[in-house]
Amino acid sequence: MIKSSPIAAVSATFACRLFTTLAERSAGENVFVSPASVALALAMLHSGARGETQRALANVLDLGGADADDLNQASAALQQQLARLDDHIKLSVANALWVSENVRLDDDFARTTERCYDAAIRSLDFAHQPAARIINGWVEEHTNGKIERIVEQVDRDTLLMLVNAIYFKGEWTEPFNRQLTQDGPFTLAGGQQVQHPMMAQRGRFRYLEDRAFQAVALPYGGGRVCMYIFLPRGDLADFTNHLSGKRWESWMSHFSSTEGRLVLPRFRAEYEAKLNDALKSLGMGIAFDQRADFGAMVDDGERLRIDEVRHKTFVEVNEEGTEAAAVTSVGMMRASFAPKKTFSMVVDRPFFCAIRDERSGTILFMGAINNPS
């Protein structure tokens, strides 16, 4: 039995900080992220980190004083809750960990990822097996085919790949009448107007407005899950730049039942981003360089660092409801020391040389050159 935890596995503060950081980098473009997917992937990393690296992850995830066990219990509880919604909502969360044959996972870390994250742990020869095809096949399966790939190719030096996938499909509690959908004007960020299918509905909604925006909550199924639509009165970028966990929590407590009319565009979007720079800017830089300490993840003395974090999403909203999927992948490599920016090498004395087959590691030739003439 998984115990309840005093923290949220995915805090509003983390969600808002991640979104605003990515939105700033994609001005004028669609940005659709899954904070839950990213947070669960980082939570698994947190359980394998130590020292300053673990503290950096804790700060990014907004854990306060909670420890790894608290986060693992909260993550397990969240995934159990999400698996039990209602008959009008399908939501699945899956985690997987592919490990190089050259790496031995720490037993405690392996047990934690299996028990708290229900993660499938599999061995993979990244240098010789079709790693990208294997991982992408898992991704496609666990997103109901909505996301076909998360990696184009996998570096042969990868030692570990951690992936989270989330799939959601929900029917509106009150579906939109397709007969009321008609083309209408939609103004783009640059001021250009386009004609687009606009859905319409009258009724009683949970609604909120102030000087900065109007907002409405649209429930799915029995109402446990909702989509919140915020319409800024001014520039969308100004709204997202000021988004914060504190504001979000305040807004959630002020929605009230109000009669009204809603016109909402059908929409479909796909989004993909490399999260390295965003996570570094949020305070996780240490996890990406040679100082990284993921010593609680492996027990053979191998030093690991994050090489790349990728995130990909899909969403489609229509008269019946919403279908969405997200994948977050974390590739990890050997934490070698960073090379110097520049160097000077003058070979003006006896030297050694070798010729090596990089695939097999076979040294074909080696020699000591004392006199080059």
Checked GLU302, GLU323 against criteria (surrounded by 15 or more Cβ atoms within 10 Å (Cβ to Cβ) and within 24 Å of the chain's Cα centre (by Cα)); the one match is GLU323
Listed by range, strands (runs of 3 or more DSSP E) wholly within the range 210-308 having at least 1 residues that are among the charged types (D, E, K, R) are 256-265, 267-274
Just to be sure, is ASP87 under 23 Å from HIS142 (Cα atoms), of a type in the set (D, E, K, R) and either surrounded by fewer than 21 Cβ atoms within 10 Å (Cβ to Cβ) or touching a strand residue (DSSP E or B) at 6+ places or on another chain (Cβ under 7 Å) (or both)?
yes
When restricted to ARG349, ARG266, the only residue touching a Pro at 6+ places or on another chain (Cβ under 8 Å) and at pLDDT below 95 is ARG266
Out of all the residues in the range 56-63, is one or more on the phi > 0 side of the Ramachandran plot and either part of a helix (DSSP H, G or I) or in the same structural domain as VAL315 (by TED's automatic domain parsing) (or both)?
yes
Among (1) over 25 Å from GLU209 (Cβ atoms); (2) in contact (Cβ under 8 Å) with a residue 12 or more places away in the chain, LYS280 falls short only on (2)
Contact list, first residue from the range 55-69 and closer than 12 Å to LEU42 by Cα, second anywhere and among the β-branched types (Val, Ile, Thr) and at pLDDT 95 or above, beta-carbon distance below 7 Å, six or more apart or interchain, is ALA56/ILE286
Taking the range 205-246 and the residues there that are of a type in the set (Lys, Arg), free of Cβ contacts under 8 Å to residues at least 60 places away in the same chain and loosely packed, with under 15 Cβ neighbours inside 10 Å, the one that is farthest from ARG261 (Cα to Cα) would be ARG211
Selection from the range 198-226 of residues out of contact with any Gly (no Cβ under 8 Å at 6 or more places or on another chain) and closer than 23 Å to GLU323 by Cα yields MET199, ALA200, GLN201, ARG206, ALA215, ALA217, LEU218, PRO219, GLY222, GLY223, ARG224, CYS226
message = So for the range 9-27 (the condition being farther than 30 Å from ALA189 by Cα, in contact with a helix residue (DSSP H, G or I) (Cβ under 6 Å, 6 or more places away or on another chain) and crowded, with 16+ Cβ neighbours inside 10 Å), does at least one residue qualify?
response = yes
Among ALA12, ALA23, the single one that is modelled with pLDDT under 90 and touching a Lys or Arg at 6+ places or on another chain (Cβ under 9 Å) is ALA12
Screening VAL163, VAL194, VAL139, VAL151 for residues that are part of a loop (DSSP other than H, G, I, E, B) and either out of contact with any Leu (no Cβ under 6 Å at 6 or more places or on another chain) or crowded, with 19+ Cβ neighbours inside 10 Å (or both) leaves only VAL151
Next on the checklist: For the structure I just gave you, tell me whether LEU264 is hydrophobic (A, V, I, L, M, F, W, C) and closer than 22 Å to ARG50 by Cα.
Outcome noted: no
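The values are calculated or read from the model by the stated rules, or taken from the named source; none is laboratory data. Bear in mind that the values here come from a model prediction, so they are computed numbers and not experimental data. Neighbour counts run over all protein chains shown; Cβ positions are idealised from the backbone, glycine included.
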